[in-house]
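Taking it in order: structure first as structure tokens, then the write-up.
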Ligand code: PAZ
């Protein structure tokens, strides 16, 4: 794959790539949800989760995919709900979702802990294996409460194009909340795409030797998000690396380039027990410095899974963000 292709600005991207057909309906529902949360005085977090695909054909048979099961996003969404936030959960179709993630078909299949009680032949009862009851009760109670309060709205995407259009539209809607909006951008978004104009209409045929595809770079969407679509929101992006030495430099560069509030860095193999928050250091009385060491501050969050295997690092990530978001809102009240 060649990364030297032409560079799409966000403006050019949206002028040339078509919106997903359901965009208007999706956004009308988001608007109603946000209005309801505004009336209820709740803060709203947009959680993006899962990987995006890049189709190679218009009648799509083949596509490139991005790594991500959606665990980070689905787990974090539950902790945000617990902290009193309303959640817009924007996720890759069929990736993990809050609450149902506890019963993933591959790791903890639901049917395995249901039992048939044939005590009365006309009145068969289905019961839950006793060892599973406490957890199910806890998950189900939280799930029902979220339904009762109407504090979660889900949206889904498949392609990187769906994702970009949705992110732009949802973030514009969220701007009515000012500083009460939090963005938690945990989705694994492709850096490259094939513009519609370059796609083959039908399935790419084999038999002509190797396949060469030149992809364009996906526009750097954080820039317009911060500068135009939602100027006051508290924006948290994620940076995934496999080379640990790149994590902090890349996070700092993202903050310098986009000017948002936090980058959470995670290493592919350590992400379940270690992340680093990188954020701009509060300007001190002596003013800002150009030295990256003192311009940014790093805070590591680590958990010990050997001691506490049930602990989820997202609990601590969300707690830290809830505190930081609260301070961010307070700051604007003081100034
Ligand atoms: O979904 P998951 O729990 O399997 O993985 C989460 C993650 C590693 C995709 C996420 O924490 C992340 O880093 N997202 C941003 C990826 C990127 O750099 O584009």
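Working out 0.36 nm times the residue gap between residue 110 and residue 16, then minus their Cα-Cα distance, what length gain in nm do you get to one decimal?
Between residue 110 and residue 16, full extension yields an extra 29.4 nm.
Which percent, nearest 5, of DSSP beta bridges in segment 1-152 are antiparallel?
Close to 50 percent.
Take segment 155-273, compute every pairwise Cα distance, and split them into 10 Å bins from 0; I just need the percent in each bin.
For segment 155-273, the pair-distance distribution reads 11, 35, 31, 16, 6, 1.
Mind giving me the FRET efficiency for residue 31 and residue 148? R0 is 22 Å, r the Cβ-Cβ distance, nearest 0.05 is fine.
0.50
If a/c stays under 1.5 just call it rounded; otherwise compare a/b with b/c (prolate if a/b is bigger, oblate if not). Do that for segment 7-103, with a ≥ b ≥ c from the square roots of the Cα gyration tensor eigenvalues.
Since a/c reaches 1.5 but b/c is at least a/b, the shape of segment 7-103 is classed as oblate.
How would segment 90-151 be classified by its alpha-carbon gyration tensor: rounded, prolate or oblate, with rounded meaning a/c under 1.5 and the a/b versus b/c comparison settling the rest?
Note, shape of segment 90-151 comes out prolate.
Note down the relative contact order for segment 10-334 as a percent, whole number, built from C-alpha pairs under 8 angstrom at least six residues apart.
Worked out over segment 10-334, it gives 19 percent.
What is the order of 300, 328, 165, fewest Cβ neighbours within 10 Å to most?
With the sparsest Cβ surroundings first, the list reads 300, 328, 165.
With a 10 Å Cβ neighbour count serving as the proxy for reagent exposure, in which order, fewest first, do 85, 258 appear?
258, 85
If you take every DSSP beta bridge whose two residues both sit in the chain, what share of them, in percent to the nearest 5, is antiparallel?
35
With both bridge residues required to lie in segment 157-299, what share of the DSSP beta bridges run antiparallel, to the nearest 5%?
45
Among 94, 99, which comes first, second and so on when ranked by fewest other beta-carbon atoms within 10 Å?
Ordered by Cβ neighbours within 10 Å, fewest first: 94, 99.
Rounded, prolate or oblate: pick one for the chain, where a ≥ b ≥ c are the square roots of the eigenvalues of its C-alpha gyration tensor, a/c under 1.5 means rounded, and failing that, prolate if a/b is larger than b/c, else oblate.
oblate
Here, each number is a calculation from the coordinates, and none is a lab measurement. These figures come from a predicted structure and were not determined experimentally. Glycine also receives a Cβ, built like all others from the backbone with ideal geometry; neighbour counts cover every protein chain displayed.
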